[in-house]
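The values are calculated or read from the model by the stated rules, or taken from the named source; none is laboratory data. Here the structure is a predicted model, which means the values were calculated and not measured. As a convention, Cβ positions derive from the backbone with ideal geometry for all residues, glycine included, and neighbour counts pool all protein chains shown.
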Amino acid sequence: MNNSVTNTVRLLGAGLRALLVLTLVTGVIYPLVVTGIAQGLFSDRANGSEIKADGRVVGSSLIGQAYNLPLKQGQETPEPDLKWFQGRPRNGLGTNSVNTRYKLILSGATNRAADNKDLIDWVTAAKAAVIKDNSTADYRVSPSEVPADAVTSSGSGLDPDISPQYARLQVHRVAERNGLPVAQVEKLLDEHTEGRILGFVGEPRVNVLELNIALKNLVAKS
């Protein structure tokens, strides 16, 4: 009987010591080491790839934002604020109203086939809007100039980047709305166009939030 109690106490003590050691190693030491390495070597990414403007965080370089006008009375869908460069379309999850644009509750694609009527209607309407919105008094957008990312959402619905082609298509409209020379806006775009990673991975891209922050500063100086 005494041996049984002694063995039980010994096993419980060993288990308790193992629990304390594992808790210390996996629950305290390991997280602190990983956090320290992340903060030391990858501080920007570890903290959410934050973008700051005017001394405050305005977003993340990894997540897109909407640039819309305030809702008018009776409106359900806001109109785009055309003085800013616009990101990709908002139909990330189709008719699911939970994630209409860049909201982090859900993310995902429409999962519609290329011949799906809803998708065709969305793309057709988006293309017409792109042509209408970006045509100015001295610049007419041709249907052939509209790239795919101007009329389709990304796989996640949160894409912060657009193609240089879509950004360049918006230059005349942005210049006109902000009273800037087209050449000045084109130069700004060139400065914020990133090439392929390592020269061959992915496609050239433009981060819309970073470009619009630079545009705001340019307008302020002008």
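For region 11-65, which residues satisfy the criterion of being β-branched (V, I, T) and not in a helix (DSSP H, G or I)?
Here is the first cut: in region 11-65, the residues β-branched (V, I, T) are 21, 23, 25-26, 28-29, 33-35, 37, 51, 57-58, 63.
Hits for region 11-65 are I51, V57, V58, I63.
List pairs: first in region 75-92 and crowded, with 21+ Cβ neighbours inside 10 Å, second of a type in the set (D, E) and at pLDDT below 95, Cβ under 6 Å, 6+ apart or cross-chain?
Cβ pairs passing all conditions: R88/D149; R88/D159.
Mind listing just one residue for me: the one in region 145-180 that is out of contact with any strand residue (DSSP E or B) (no Cβ under 7 Å at 6 or more places or on another chain) and of a type in the set (V, I, T) and, of those, nearest to I213 (Cα to Cα)? Break it down into steps so the answer makes sense when it comes.
Of the residues in region 145-180, the ones out of contact with any strand residue (DSSP E or B) (no Cβ under 7 Å at 6 or more places or on another chain) are 145-148, 150-159, 165-166, 168-171, 174-175, 177-180.
Filter once more, so that each one left must be of a type in the set (V, I, T): 146, 151-152, 171, 174.
On the way: V146: 24, V151: 24, T152: 24, V171: 15, V174: 13 Å.
Per the stated criteria, the residue is V174.
If I filter region 204-220 for residues that are outside any helix (DSSP H, G or I), surrounded by fewer than 17 Cβ atoms within 10 Å (Cβ to Cβ), on the phi < 0 side of the Ramachandran plot and of a type outside the set (S, T, N, Q), do I get at least one hit? Before you say what the answer is, go through the steps one by one.
First, pick out the residues of region 204-220 that are outside any helix (DSSP H, G or I): 204-207.
Next cut, surrounded by fewer than 17 Cβ atoms within 10 Å (Cβ to Cβ) only: 204.
With the extra rule that they be on the phi < 0 side of the Ramachandran plot, the set shrinks to 204.
Cutting the leftovers down to of a type outside the set (S, T, N, Q) gives us 204.
Within region 204-220, one or more residues are outside any helix (DSSP H, G or I), surrounded by fewer than 17 Cβ atoms within 10 Å (Cβ to Cβ), on the phi < 0 side of the Ramachandran plot and of a type outside the set (S, T, N, Q).
Go through region 141-193 and give me each residue that's among the hydrophobic types (A, V, I, L, M, F, W, C) and in a helix (DSSP H, G or I). Working first, answer last.
We begin by selecting, within region 141-193, every residue among the hydrophobic types (A, V, I, L, M, F, W, C); these are 141, 146, 148, 150-151, 158, 162, 167, 169, 171, 174-175, 180, 182-183, 185, 188-189.
Within region 141-193, A148, A150, A167, L169, V171, V174, A175, V182, A183, V185, L188, L189 meet the criteria.
Condition first: farther than 17 Å from V206 by Cβ, surrounded by fewer than 21 Cβ atoms within 10 Å (Cβ to Cβ) and touching a Gly at 6+ places or on another chain (Cβ under 9 Å). Now tell me which residues in region 130-178 satisfy that.
Within region 130-178, G155, S156 qualify.
Any chance you could count how many residues in region 184-222 are of a type in the set (D, E) and in contact with a Pro (Cβ under 8 Å, 6 or more places away or on another chain)?
Restricting attention to region 184-222, the residues satisfying the condition of being of a type in the set (D, E) are 186, 190-191, 194, 203, 210.
Of the ones still in play, those that are also in contact with a Pro (Cβ under 8 Å, 6 or more places away or on another chain) are 194.
Within region 184-222, residues that are of a type in the set (D, E) and in contact with a Pro (Cβ under 8 Å, 6 or more places away or on another chain) number 1.
What number of residues within region 191-202 satisfy the criterion of being exposed (fewer than 14 other Cβ atoms within 10 Å of the Cβ) and touching a helix residue (DSSP H, G or I) at 6+ places or on another chain (Cβ under 9 Å)?
Our first condition is that a residue be exposed (fewer than 14 other Cβ atoms within 10 Å of the Cβ); within region 191-202, this holds for 191, 195-202.
In the following step, the residues that additionally are touching a helix residue (DSSP H, G or I) at 6+ places or on another chain (Cβ under 9 Å) were identified as 191.
Within region 191-202, residues that are exposed (fewer than 14 other Cβ atoms within 10 Å of the Cβ) and touching a helix residue (DSSP H, G or I) at 6+ places or on another chain (Cβ under 9 Å) number 1.
Can you tell me which residue among G55, G15 is exposed (fewer than 11 other Cβ atoms within 10 Å of the Cβ) and either in the same structural domain as D159 (by TED's automatic domain parsing) or of a type in the set (K, R) (or both)?
Numbers: G15 fails: either in the same structural domain as D159 (by TED's automatic domain parsing) or of a type in the set (K, R) (or both).
When all the criteria are applied, what remains is G55.
Within region 180-189, can one find any residue that is closer than 10 Å to V206 by Cα, free of Cβ contacts under 8 Å to residues at least 40 places away in the same chain and either surrounded by 15 or more Cβ atoms within 10 Å (Cβ to Cβ) or not small (G, A, S) (or both)? Explain how you work it out, then say what you get.
Going through region 180-189, the residues closer than 10 Å to V206 by Cα turn out to be 189.
Applying the additional criterion that residues be free of Cβ contacts under 8 Å to residues at least 40 places away in the same chain yields 189.
Now narrow it down to the ones that are either surrounded by 15 or more Cβ atoms within 10 Å (Cβ to Cβ) or not small (G, A, S) (or both): 189.
Yes, that holds for at least one residue.
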